[in-house]
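Notes to accompany the following structure.
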Amino acid sequence: MPLSKTAQSTGTTSGAATPNADGSCPTSAPIKVSQAGIYHLPSGDGNDNRTHARQCFASAAAAQSAGYRGIRK
């Protein structure tokens with residue numbers, strides 16, 4: 001289960017960053033987390049371009065540690 005909205009929005013989770021105003025992620029944290037709590041890799045499932053990030057992470061492991069899951073294959 002994802003962390004509280006407060007922790008997500010402030011970028012205080014380890015490895016997390018606040019998304020850019022346009023919904024993209026900074027290059028230092030390219031992993032996007034969607035509103036549904038699913039993380040998308042920049043070279044992954046094709047949904048990355050359509051996803052408006054609610055949170056960004058430096059690695060998939062950091063997103064998983066924060067309680068998010070990857071796409072279902």
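Remarks
- Number of positions in region 31-61 that are within 18 Å of ASN20 (Cβ to Cβ), of a type outside the set (Ser, Thr, Tyr) and surrounded by 15 or more Cβ atoms within 10 Å (Cβ to Cβ): 12
- Long-range neighbours under 7 Å by Cβ, at least six apart or interchain, first residue under 13 Å from SER59 (Cα atoms) within region 30-44, second among the basic types (Lys, Arg) and assigned to a strand (DSSP E or B): TYR39/LYS32; HIS40/LYS32
- Region 16-55, subset touching a Ser or Thr at 6+ places or on another chain (Cβ under 6 Å) and part of a loop (DSSP other than H, G, I, E, B), residue nearest to ARG69 (Cα to Cα): SER34
No value in this document is a laboratory result; all are computed from the given coordinates. A quick note: this is a predicted structure, and the numbers were derived from the prediction, not measured. Using ideal geometry, Cβ is built from the backbone for each residue, glycine included, and neighbour counts are taken over all protein chains shown.
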